[in-house]
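Step one of this worksheet: look at the structure below.
Derivation of every value follows stated rules applied to the coordinates shown; laboratory data play no part. Keep in mind that this is a model prediction, so the values were computed, not measured. Counting neighbours? That spans all protein chains shown, and the Cβs are built from the backbone with ideal geometry, glycine included.
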Amino acid sequence: MRTVTLTLKAEPPVSAEAEQLIPDVVAGKTAEEVRRLPLLVGNRRETVGDWFDVVVDEAEAAAPDLLLRGDLVRFKRLGEGMSRGAMVVEGRVGFHAGARMSGGSLTIAGDAGDFLGAHMAGGRIIVRGDAGHYVAAAYRGEKTGMKGGTIVVTGSVGQMVGARMRRGLVYVQGDAGDVAGYNMKGGTVVVGGAPAARVGARMVRGTVAVLGGEPLELLPTFSYACTYAPTFWRVVHHELARVGHAPRVGPGVTFRRYCGDVNEGGRGEVLAAQPG
Amino acid sequence: MLRVTNGRVHDPGNAVAGEVRDVWLDGGKVVAEPAAEPADVATLDAAGCVVFPGGVELHSHVAGSKVNAGRIMCPEDHVDHYRCRTDVTRAGCGHTVPTTYLTGYEYARLGYTTLFEAAVPPLTARHAHEELRDIPILDTGCYTVMGNNHLVMKVLSDPDEERRAARLRDLVAWLLHATRAYAVKIVNPGGVESWKWHGGPVDLDTSVPPYGVTPRRILTGLAAAADELGLPHPVHVHLNHLGVPGNVAVTLASMQALAGRRAHFTHLQFHSYEATRSGSYASGAPAVAESINQHPEFTCDVGQLVFGPATTMTSDAPMEFRLHHLHKDKWANSDIEMESGAGVVPMRYSPRQLVNAVQWCVGLELMLLIRDPWRVFLTTDHPNAGPFVAYPMIVRLLMDREFRREWLEKLNPRVRRFTTLHELDREYTLDEIATVTRAGQARVLGLADKGHLGVGADADVAVYREQGDRERMFAAPAWVVKGGEVVVRDGEVVAAVDGRPLGVDLGDPPPLAADLAEQFESYSSVRLANYAVEDAYVPDQVLIPCAP
Amino acid sequence: MIARQQVGLATCTLGEVKNRADLVIFWGCNPRESHQRHQARYSASVKGQFIPEGRKGRRIVAIDVRPTSTTAAADQFIQVEPGSTFETATLLRALVAGKRIGIEEDAKVGGVPLHVWRELAEAIKAADYGVILFGLGVTHDRGHDLNVEELGALIREVNDYTRFYGLPMRGHGNVTGSNQVMGWQTGYPIAVNFNRGYPRYNPGEFSVLGLLAREEVDAAIIIATDPGAHLPGDSVAALQAIPTIYLEPHVNTTTGWATVVIPVAPAGVAAEGTFYRMDNVPLRVRKLVDSPFPSDEEVLRSIKETILHA
Ligand SMILES: [Zn+2]
């Protein structure tokens, strides 16, 4: 098992775009080859070696394929488009981390910027920290955001988590900002704490499950349907447990179910976990 | 001086059909072969190539308010289609609705050197001209939409036939001059105004509020005015009921109404549908092609469908609203006071969709069934039926029936029940391609210096390397010359010269009649004095003479 | 602009408002203060071709969070709670389409009883040609561009019943023109980034506030705006920390601290050009007086050429 370890030498003065720093690209490369990979810093084409110390070494089986160390908050597009392998960032990351990712696992020990996992199609992202706006969302003008995979954020997220997503699972252990699940076409967003206003606005299909309970600031286009213990939740709970983030709310909990958004056909649902 | 040598020249306007001969260019014009070899001559060795006049596009949507609305509304159209700046070109992006610079480069890269924006409402004409100026390389012009114009309809409501013809002629001249445009465009005559009144689709004899005129009167009135003014291009008509099954009836009736007048029918593919018993689409191309065949005074362009993404954009606002209801996707609309409307809806055409498959066949049927290549032109009504960058593929479809057959196999199989394309064996020749992509278009536009390579023609030349695969051949010209300068080499832009605006020479048209001026001042949101487009928007406009 | 990229916008020119609109809803705007001739020219007292009675021929509704001179002159004033634009637009969509809603008949939305919204929904459907003119009270309310997206969806759906349009009441000079030119030259109306040599677009990421907040720019050219007056304090501080080139005809809150100030001829006074009205109608602005200073265009052109030939 080889691990490529990149340690940030100094924070760049402006933002950098580092979409080539994914296991797909660095796998099999020597340290020198990795150093020569291009890195866009501001509007200049520089190299990975200009900003990172690069070490390639044999490591134990559990080690990631690609390990980044340092405060990478100025680095955008880390893990973008990755399709395999394991990538770990020990530090904060900028926008678009794991966007368009289709496989593998991306673990971020720190906060993530906006558009985390935007248009993601598969794989897994774990953020040990907070994430910004538009987690799992669609880019401007696009109809569909996340299409598959799993995202776990142990902290809180900004607005529009899961906006326009079609499939996949997003679990926010903390709170979510306004309009969680905006215009969802499918898939599941689980909010461990409390969502802010307008949860599920313009939902077409899919589920937003709120574990922090009520009251919810629902739109008038959502209607109470029933109180029940859905098997669906057992499946989600099991899946989250499998990736090591089992929600505190158990698999057998009952939810109040609200259906909406009636303006979009009313086939989406917002679930509010009931205490006890 | 520039010499294009050793190429097989296809210049149908001068009855040159693939002969190897030299083309000499100097001072922006085609010149006669000099008696003695000149001292400073650059040579393009076109051995193994065909030499065509520069391409002429007579119907495309590339500039102005609705085009820009399409760009702004659809960032997803641009994100994966971009070009970096180079030493000679500016950056750009967009697939179905490219930025202005990219539009110019992409047309030039296909060998086109002349381009017309097909629908400009007078109120936003300045905008169209601003964008046309930012389209590099090509000479450009635009058409003014008049088929729902209040002043036009008011004049046409006059029961006195002679007076209304005379007044309309003056008004058309005034509108063309005010908008610095090239031709009269009619879009869904009366239908857009009807929509503003919640009226349904209009037929040829529907009385349209508020002036009570019929589409028939609008069509025939404007066609007569264009004729009598001797405009270089006849009235350019987008008929009623675009895209509706069964619209072949109104199409044929409109042709009947215009018989004896010059008229150009645009994107006829969208207007050539029979209705099946269940109200679905079947080809009406044979009947429509026959009507064109029988009327030498008519020309048309096809509006060939291209599978994949498109962006529909027209002044036909009610049609766009109907399209929007197909997918409930985004829809932009703008009603334009006293003049027109506009709508934009993104689309995706699929070969498995029976309707789209029928539409695709109808376009090719028209191209193959209309016998005279001087009267049917290749367009995609860009970007309505698809982007113009698909032209090389369509050329191959026309020239290569095996390729057509392969494509037919990919379509929804039921399409054979509703179209006749699979029965058509005709293959276009290179001369016919040169006719439907430049020579014929230039002729119906009345551009005497375009679309041919005779002495005195503009020095616009496209040189393509002969290849069996006509799509590859026409996708990357060896050279494109514009105004005597090599602008494209091996499919890449090597110089981005400026094109020139094209207009018509109407002399000094009479001022707007007093009653119309009063109507305008009362109800327009701009002052009449601020309405006409200033010279600054069309610097050095080339004025083509009228022949009344 | 952003909302338009998700749902589009059904709109019309101001002359159509004048000639046809029999229902005008001023939502989160106060044109009697901000666009002083708007009502007299286009939207209230003016006599239109098909509204010959002028003010009497129009029903005017004002929706705002506080009374203003515009709300006072309206036929109906609906005073809403701040931060409720999205909810009310959502509710109106459902009411117009006759959808089942999840609240009781005696409930309030945006602080306004449901029956008021029901009546408004009926009035919207009954109009022959309705328009919503919306302003900062919509775009700067909680939800921002989503509010416009929701209004856009409402407007679009009302067109199943009648003609109904929305127009943003935009201020601040030629902002529409800037959007248009950016649109045709780069494909995007705002927030364009050229770091990669081609245009990319992402509001929030590439727009001024976000870029400054994250300190992602190391120099700035500022044209036709006064950031000292219009941007929040921390954005101004971020600009003050980097080199700035400022093109501006007048002394203002930015000229004092910009690194380089280039005085320019004021557009529409001493420099000609095209002005795009809020309804996208392009108008010629003329040069009325001579200025000793060059126009914005001349300055930018000479900066560009100097860099190119450096
Ligand atoms: Zn067209």
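Using the Cα centre of chain C as the reference point, and only Cβ charges (+1 on K/R, -1 on D/E), how large is the resulting charge dipole? Debye, rounded to the nearest 20.
Value, rounded to 20: 980 debye.
Given a Förster distance of 60 Å, report the FRET efficiency between B:Asp160 and A:Arg44 from their Cβ-Cβ distance, rounded to the nearest 0.05.
The computed FRET efficiency comes out at 0.25.
Give me the percent relative contact order of chain B, please, defined on Cα pairs under 8 angstrom at least 6 residues apart.
21 percent.
Under 5 Å between amide hydrogens, which residues at least 5 positions from C:Phe164 or on another chain qualify, with H placed 1.01 Å from N in the peptide plane?
For C:Phe164, whose amide H was placed from the backbone, the distant partners under 5 Å are C:Gly130.
What dipole magnitude, in Debye to the nearest 20, does the stretch C:4-168 give about its Cα centre under +1 on Lys/Arg Cβ and -1 on Asp/Glu Cβ?
That gives the stretch C:4-168 a dipole magnitude of about 640 debye.
Quick one: net charge of B:Arg21's neighbours, Cβ under 12 Å, K/R +1, D/E -1? List each step's numbers first, then the result.
On the way: positive: B:Arg3, B:Arg8; negative: B:Asp11, B:Glu19, B:Asp22, B:Glu33.
Here the count lands on -2.
By its C-alpha gyration tensor, with a ≥ b ≥ c as the square roots of the eigenvalues, how is the stretch B:17-170 shaped: rounded for a/c under 1.5, else prolate for a/b larger than b/c, else oblate? Could you put the intermediate results ahead of the total?
Working: a/c = 3.05, a/b = 1.42, b/c = 2.14.
Oblate shape, in that a/c is at least 1.5 and b/c is the bigger or equal ratio.
To the nearest 20 debye, what charge dipole does the protein assembly as shown have about its Cα centre, counting +1 at the Cβ of each Lys and Arg and -1 at the Cβ of each Asp and Glu?
Dipole about the Cα centre, nearest 20: 2760 debye.
Using a 10 Å cut-off on Cβ to Cβ distances, tally the other chain neighbours for every residue of A:133-146 and report the average as a whole number.
Numbers: counts 1, 3, 0, 0, 0, 2, 6, 15, 16, 5, 6, 0, 0, 0.
The shielding value for this peptide is 4.
When chain C is treated as a GNM, springs tying every alpha-carbon pair under 10 Å, which of C:Ala238, C:Ala153, C:Ala229 comes out with the largest mean-square fluctuation?
C:Ala229
If you build the Cα gyration tensor of chain B and take the root of 5 times each eigenvalue, what three semi-axes come out, in whole angstrom, biggest first?
Ellipsoid semi-axes (Å, largest first): 35, 28, 22.
With label points built 7 Å along Cα→Cβ from the Cα atoms of B:Ala495 and A:Ala246, find their separation and express it in nm.
Going from the B:Ala495 label point to the A:Ala246 one covers 7.5 nm.
Would you give the gap between the C-alpha center of the stretch B:196-272 and the C-alpha center of the stretch B:492-511, rounded to a whole Å?
Here the answer is 28 Å between Cα centres.
Can you tell me which of C:32-43, B:251-262 comes out highest on packing, and rank the rest after it, using the mean Cβ neighbours within 10 Å?
Numbers: C:32-43: 16.9, B:251-262: 18.4.
Answer by packing, highest mean first, reads B:251-262, C:32-43.
Give me the net charge for the shell around B:Arg489: Cβ to Cβ below 13 angstrom, other residues only, Lys and Arg +1, Asp and Glu -1. Could you put the intermediate results ahead of the total?
On the way: positive: B:Arg109, B:Arg465, B:Lys482; negative: B:Asp45, B:Glu485, B:Asp490, B:Glu492.
Here the charged neighbours net out to -1.
Once label points are set 7 Å from the Cα along Cα→Cβ at both B:Glu409 and C:Arg66, what is their separation, rounded to one decimal in nm?
7.3 nm
Which of B:Val395, B:Asn148, B:Ala310 sits farthest toward the positive end of the charge dipole of chain B, with +1 on the Cβ of Lys and Arg and -1 on the Cβ of Asp and Glu?
The listed residue farthest towards the positive side: B:Ala310.
Looking at chain C as a GNM with Cα springs under 10 Å, which of C:Leu151, C:Leu14, C:Leu209 has the largest mean-square fluctuation?
Of C:Leu151, C:Leu14, C:Leu209, the most mobile in the Gaussian network model is C:Leu209.
Residues in the stretch B:266-296 near a label at B:Arg417, defined as backbone nitrogen under 11 Å from the 7 Å Cα→Cβ point?
Flagged as within label range: B:277-278.
Would the stretch B:50-125 count as rounded, prolate or oblate if I go by the C-alpha gyration tensor, calling it rounded below 1.5 in a/c and otherwise prolate when a/b exceeds b/c, oblate otherwise?
Taking the square roots of the gyration eigenvalues as a ≥ b ≥ c, the stretch B:50-125 is oblate.
Just from its helices, what would the mean residue ellipticity at 222 nm be for the protein assembly as shown, if runs of 4 or more DSSP H residues each count -39500 (n - 2.57) and the sum is divided by every residue, rounded to the nearest 500 deg cm²/dmol? Write down the numbers at each step before the final one.
Numbers: 36 runs with 307 residues, N = 1134.
It lands at -7500 deg cm²/dmol.
Taking the Cβ of A:Arg84 as the centre, find all other residues whose Cβ is under 9 Å away and add up their charges (Lys, Arg: +1; Asp, Glu: -1). Let's see the in-between values first.
Details: positive: none; negative: A:Asp24, A:Asp65.
Its environment carries a net charge of -2.
Using the Kirkwood radius over Cα pairs, work out the Stokes-Einstein diffusion coefficient for the stretch A:9-120 at 37 °C and 0.692 mPa s, in µm²/s as a whole number.
The estimated diffusion coefficient comes to 238 µm²/s.
Among B:Val20, B:Ser283, C:Phe275, pick out the residue whose Cα is farthest towards the positive end of the charge dipole of the protein assembly as shown, where Lys and Arg carry +1 and Asp and Glu carry -1 on C-beta, about the Cα centre.
The residue sitting most towards the positive pole is B:Ser283.
Using r as the Cβ-Cβ distance of A:Thr144 and B:Ala39, and R0 as 56 Å, what FRET efficiency do you calculate, to the nearest 0.05?
0.30
Would you list, by chain and number, the aspartates and glutamates whose Cα falls below 17 Å from the Cα of A:Lys9, excluding same-chain residues fewer than 8 positions away?
Within reach: A:Glu17, A:Glu32, A:Glu46, A:Asp50, A:Asp53, A:Asp71, A:Glu90.
Based on the Cβ-Cβ distance from C:Arg118 to C:His140, what FRET efficiency comes out when R0 is 35 Å, to the nearest 0.05?
Computed FRET efficiency for C:Arg118 and C:His140: 0.80.
For helix C:85-96, what angle does its Cα long axis make with the longest principal axis of chain C, in degrees from 0 to 90 and rounded to 10?
40 degrees
With the cut-off at 28 Å, tell me which of the pairs A:Lys143/C:Lys99; B:Lys450/C:Lys287; A:Lys29/A:Lys76; B:Lys66/C:Lys304; B:Lys185/C:Lys18; B:Lys66/C:Lys18 have Cα atoms farther apart than that.
B:Lys450/C:Lys287; B:Lys66/C:Lys304
Can you tell me what share of the DSSP beta bridges in chain C is antiparallel? A percent to the nearest 5 is fine.
Looking only at bridges with both residues in chain C, the antiparallel portion is about 20 percent.
Using a 10 angstrom cutoff on alpha carbons, build the Gaussian network for chain A and name the most mobile of A:Pro215, A:Pro230, A:Pro12.
Ranking A:Pro215, A:Pro230, A:Pro12 by mean-square fluctuation puts A:Pro215 first.
What do you get for the angle between helix A:231-242 and the principal long axis of chain A? Use alpha-carbon atoms, 0 to 90 degrees, nearest ten.
20 degrees
So what's the Cα pair-distance distribution over chain A, bin width 10 Å, in %?
8, 31, 32, 18, 9, 3, 0
Roughly speaking, what is the centre-to-centre gap between the stretch C:267-310 and the stretch B:427-491 when only Cα atoms are used, to the nearest Å?
One Cα centre to the other: 38 Å.
Which of the listed residues, C:Ile124, C:Gly102, C:Ser178, is farthest toward the dipole's positive end in chain C, when Lys, Arg count +1 and Asp, Glu count -1 at the beta-carbon?
Going by the charge dipole, the pick is C:Ile124.
Looking at the stretch A:111-276, what % of its DSSP beta bridges pair antiparallel, to the nearest 5?
Details: 11 of 34 bridges.
Taking every DSSP beta bridge within the stretch A:111-276, about 30 percent pair in antiparallel fashion.
Need one word for the stretch C:47-94: rounded, prolate or oblate. Basis is the Cα gyration tensor (sqrt eigenvalues a ≥ b ≥ c); a/c below 1.5 gives rounded, then a/b vs b/c decides.
Oblate is the answer for the stretch C:47-94, as a/c is 1.5 or above yet b/c matches or exceeds a/b.
Out of all DSSP beta bridges in the protein assembly as shown, what portion is antiparallel? Express it as a percent rounded to 5.
40 percent
Report, ordered by chain and residue number, the aspartates and glutamates lying within cross-link reach of C:Lys125, taken as a straight Cα distance under 14 Å and ignoring same-chain residues fewer than 8 apart.
C:Asp22, C:Glu157, C:Asp160
Taking the Cα centroid of the stretch B:1-61 and of the stretch A:222-276, what is the distance between the two, rounded to the nearest whole Å?
Result: 73 Å between the Cα centres.
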